[in-house]
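The values are calculated or read from the model by the stated rules, or taken from the named source; none is laboratory data. None of the values given here were measured: they were computed from a predicted structure. Methodologically, a virtual Cβ is constructed for each residue, glycine included, from the backbone with ideal geometry; neighbour enumeration extends over all protein chains shown. SASA here: full protein model, heavy atoms, side chains in, ligands and nucleic acids out. Shrake-Rupley method; radii C 1.70, N 1.55, O 1.52, S 1.80 Å.
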Amino acid sequence: MMTSLYTAATGMGAQKLNIDVIANNLANVNTAGFRRSRADFQDLMYHTIKQAGTLSSDGTIMPTGIQVGLGVRPVAIQKIFEQGHFSHTENPLDIVIEGDGFFQINKPDGEIAYTRSGAFKLDADGRIVNTGDGYPIEPSISIPADATSITISADGQISVTQSGSSVSTVVGQITLARFVNPAGLKAIGKTMFVETDASGAPITSNPGIDGMGTIGQGFLEMSNVNVVEEMVNMIISQRAYEINSKAITASDEMLRTVSGMVR
């Protein structure tokens, strides 16, 4: 059986996966805090027919060998954590991180998740929670029921002005987390991630120190997906898929010719 059939089949499978990744990026182009993904590939083993460096005659060495590649395989789909663009919302509980870091979210099972989405609201108890699920920010911060204004400074300090008072009161401090290898984080959906052995343990600190970014109030960080770039990648992947399918067709035609010779 011709090796090219299997080799081209691995190419088609790889490009199918690449299209899946691109489609997910484009589907989340308007998702606040979404980080785009990139598929990485490696070539497979090689069939060595003639080894480079072998003797071709007395005192003469072959400068090159003969190796036939056996295809491609996916090795990683990694998140790209470059900064997304900011959208001005004027909502006092919409906040962005200008620089490195993640917001910490306390899930119901006690596990801490990490997100770049700063879309927060208040629950019935006055706690600051994420918009999609109502999970509280970690450490927990509560806003008094009679608060008339909320101010969040660049270093993450939250102050409120209460009814009948003109003096602001500090009610909490936002703490951020960062990772040595953020690409090693595990995505769990809802624009949230959890730590893994690959990401390393979180390094926590206040915004603006220890390498953390600063806080901006009244803005949301949107997806970092570049639509034009994704469309170009999709076209390239589609053409690569077509070329691999033509390699299979060509191999099939060659086998048909051989079969006809036998008959």
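Numbers at a glance
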quantity	calculated
Cα centre as origin, Lys/Arg/Asp/Glu Cβ charges: the chain dipole, Debye	1060 debye
When each of K50/K246; K79/K121; K121/K190 is checked by Cα-Cα distance, pairs over 24 Å	K50/K246; K79/K121
Isotropically averaged projected area of the range 102-143, using the convex hull of Cα atoms (one quarter of hull area), nm²	2.7 nm²
Those residues of the range 27-69 whose amide nitrogen sits under 17 Å from the label point placed on I77, 7 Å along Cα→Cβ	27-29, 34-42
Cα pair count fraction exceeding 24 Å, expressed as % - the range 149-263	61 percent
Accessible area (Å², 1.4 Å probe, nearest 10) - K121	90 Å²
Debye log10 I(q)/I(0) at q = 0.13, 0.14, 0.15 Å⁻¹ for the range 43-96, Cα point scatterers	-0.62, -0.65, -0.69
Calculated [θ] (222 nm, deg cm²/dmol) that DSSP helices of n ≥ 4 give over the chain, each run adding -39,500 (n - 2.57)	-8500 deg cm²/dmol
Accessible-area value, R256, 1.4 Å probe, nucleic acids and ligands omitted, Å²	120 Å²
Gained length - H85 relative to Q42, 0.36 nm times residue gap less alpha-carbon distance	12.3 nm
Computed P(r) (all Cα pairs; the range 1-99; 10 Å bins; percent)	12, 25, 20, 17, 12, 8, 4, 1, 0
Taking the C-alpha atoms of the range 57-167, convex hull volume expressed per residue in Å³	222 Å³
Residue-span extension gain [D155 to V180] - 0.36 nm each, minus C-alpha spacing	6.9 nm
Coordinate range along principal axes, alpha carbons of the range 200-263, Å, largest first	79, 30, 12
In Hz, Karplus ³J(HN,Hα) per residue of the range 20-30 (6.51, -1.76, 1.60; θ = phi - 60°; x = Gly, Pro)	4, 5, 4, 4, 5, 4, 5, 5, 9, 4, 10
Per-pair calculated FRET efficiency, R0 = 22 Å: M2 and I49 via Cβ, rounded to 0.05	0.90
For the range 184-237, alpha-carbon Rg over 2.2 N^0.38 Å	1.59
Rounded percent of accessible protein surface that carbon and sulfur make up, the chain, 1.4 Å probe	55 percent
Accessible area (Å², per residue) of the range 3-107, counting only protein heavy atoms and a probe of 1.4 Å	56 Å²
Solvent-accessible surface (1.4 angstrom probe) belonging to L122, in square angstrom, nearest 10	80 Å²
Among T257, I77, I137 the positive-end extreme of the charge dipole of the chain (Cβ point charges)	T257
Ratio Rg/Rh [Cα only; Rh per Kirkwood] for the chain	1.21
Calculated FRET efficiency for the pair D20/K121, C-beta based, R₀ 45 Å, to 0.05	0.85
Distance between modelled label sites at T249 and N206, nm, 7 Å Cα→Cβ extension	6.6 nm
